[in-house]
Amino acid sequence: MTQAVAIRRVLHLDMDAFFAAVELLRRPDLKGKPLIIGGRGDPTRRGVVATATYEARKFGVRSGMPFRTAKRLCPDAVYLPTDFAEYTRWSQVFKHAMREVSPLFEDRGIDEAYLDISDLAASSEQIGQALKLRIERDTGMTCSIGIAPNKLIAKIASDLDKPDGLTILGAHDIPLRIWPLEARKIPGIGPKADERLRALGISTIGELAAAPLEHLAAHFGAAMATFMRAAAQGRHDTPIVTQREPKSRSRETTFQEDVSDWQQIARTLAALSARVAEDLRARSYVGRTVGIKLRFADFHTVTRDRTLADPTNDARVIRKAVFECLGRIVLDRRVRLLGVRVTELSEPGAHTLNGDLLR
Ligand code: DCP
Ligand code: CA
């Protein structure tokens with residue numbers, strides 16, 4: 001008797017030179033030029049490259065590189081500052097297109113996400129092509145897609161034919177397409193682990209797949225050894241995690257006794273702002289609209305909100321907006337409850353973004 005084994009199809013999508021591609025939407029005159037995005041966009045000041053166009057990458061410019069080094073490698077590049085609010089906005093556009101393909105969507109940061117397309121009727125080729133077209137139509141930007149039997153191989157696949165790639169791999173393609181790659185192409189194998197693998201004579205994914213488990217475990221511990229070898233063999237079955245984005249974060253407090261002291265109201269709102277900011281930072285969210293809620297002793301409740309130019313999780317920015325909202329309420333009665341809420345949240349992403357973008 002044969003039993004049908006459901007073959008998973010996981011799609012990983014990664015936008016091409018994302019920050020730079022967004023900048024080119026409003027500066028099409030810069031198309032084809034080496035372009036570097038980062039910090040304040042001023043190469044005479046200290047800064048780090050967030051990303052560079054493929055034209056600049058030809059000179060060796062890479063994400064995370066100091067401006068100084070980039071300038072030496074590619075003296076003629078054009079520099080632009082990062083505009084995180086704009087990247088977040090476009091991030092939501094391509095993710096919306098993905099969610100329409102399937103609700104089995106996993107957000108992995110500002111410019112990448114997974115979809116589980118196992119149960120769709122269309123072929124992987126059709127799904128991948130249609131999604132690329134839709135995103136190009138909606139955003140004017142290209143992306144690279146990998147489709148494979150699991151998340152890990154799909155992510156490696158999306159990187160194989162960048163930019164504007166579509167790479168579809170079945171289990172049978174793994175020996176030919178994945179095994180020749182360097183072991184550090186496996187997400188989770190960093191430069192240190194890679195170096196230690198090389199010391200053991202293992203430099204490719206194929207060599208890792210064939211290494212005896214005990215041998216690996218002796219150097220990396222059982223858990224890491226098992227993960228690495230299974231990943232290299234194409235065995236990796238973590239599911240798509242479809243966490244719904246929270247719509248808002250808020251904190252409120254009810255006084256033991258109703259208050260009329262303005263100082264105490266201000267202090268309480270400042271503390272609530274700090275707690276909401278901390279909560280946002282802990283979850284790596286930024287929010288665009290800050291609001292307050294104030295309930296008087298007679299239960300009459302008023303709210304005010306203010307939308308910021310840039311999404312934030314900075315306590316000082318939130319507190320300032322909160323006080324502006326407070327200024328729009330007439331405090332003519334005793335106050336029973338105060339609340340602070342930040343809405344229109346977005347996720348800066350799983351990437352280690354350059355420090356000036358976050359926090
Ligand atoms: N980023 C950053 N600092 C880094 C790495 C990335 O600020 N050290 C930002 C800028 C990138 C975005 O995150 O545009 C996405 O990162 P990717 O690694 O996916 O790089 P790109 O999208 O720029 O290029 P690629 O075409 O290689 O995906
Ligand atoms: Ca990218």
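The values are calculated or read from the model by the stated rules, or taken from the named source; none is laboratory data. Not measured: the values here are computed from a predicted model. Cβ placement follows ideal geometry from the backbone for every residue including glycine, while neighbour counts extend to all protein chains displayed. Quick note on the areas: whole protein, heavy atoms, side chains included, nothing else; ligands and nucleic acids left out. Shrake-Rupley method; radii C 1.70, N 1.55, O 1.52, S 1.80 Å.
Key figures
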read-out	value
Evaluation of residue 59 against (1) outside any loop (DSSP other than H, G, I, E, B); (2) at pLDDT 95 or above (one fails), failing number	(1)
Failed condition for residue 95, given (1) surrounded by fewer than 19 Cβ atoms within 10 Å (Cβ to Cβ); (2) within 16 Å of ligand 1 (Cβ to nearest atom); (3) among the basic types (Lys, Arg)	(1)
Some residue of segment 84-95 being touching a helix residue (DSSP H, G or I) at 6+ places or on another chain (Cβ under 8 Å), under 19 Å from residue 162 (Cα atoms) and at pLDDT 95 or above	yes
Considering residues of segment 9-31 that are away from ligand 2 (no atom under 15 Å from the Cβ) and farther than 18 Å from residue 99 by Cα only, the residue least open to solvent (accessible area, probe 1.4 Å)	30
Top-ranked residue in segment 114-140 [being within 15 Å of ligand 2 (Cβ to nearest atom) and buried (at least 22 other Cβ atoms within 10 Å of the Cβ); ranked as farthest from residue 310 (Cα to Cα)]	114
Residue match in segment 141-159 (condition: outside any helix (DSSP H, G or I), without any contact (Cβ under 8 Å) to a residue 40 or more places away in the chain and not charged (D, E, K, R))	no
Filtered residue count, segment 142-163, keeping only those that are within 10 Å of ligand 2 (Cβ to nearest atom), surrounded by 22 or more Cβ atoms within 10 Å (Cβ to Cβ) and over 17 Å from residue 238 (Cβ atoms)	2
Number of positions in segment 253-289 that are surrounded by 15 or more Cβ atoms within 10 Å (Cβ to Cβ) and either charged (D, E, K, R) or under 23 Å from residue 109 (Cα atoms) (or both)	13
Positions within segment 240-291 being of a type in the set (A, V, I, L, M) and out of contact with any Lys or Arg (no Cβ under 6 Å at 6 or more places or on another chain), in sequence order	240, 241, 259, 265, 266, 269, 271, 274, 277, 282, 286
Selection count where residues are under 29 Å from the mean Cα position of the chain (by Cα) and either of a type in the set (Ser, Thr, Tyr) or open to solvent by 30 Å² or more (accessible area, probe 1.4 Å) (or both), scope segment 174-189	9
Yes/no for residue 122 being of a type in the set (A, V, I, L, M) and either free of Cβ contacts under 8 Å to residues at least 12 places away in the same chain or outside the structural domain of residue 33 (by TED's automatic domain parsing) (or both)	yes
Failed item in (1) away from ligand 1 (no atom under 12 Å from the Cβ); (2) assigned to a helix (DSSP H, G or I); (3) of a type outside the set (Val, Ile, Thr), with residue 46 passing the rest	(2)
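Residues checked against (1) free of Cβ contacts under 8 Å to residues at least 12 places away in the same chain; (2) in a helix (DSSP H, G or I):
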| residue | (1), (2) |
| --- | --- |
| 176 | yes, yes |
| 187 | no, no |
| 197 | no, yes |
| 206 | no, yes |
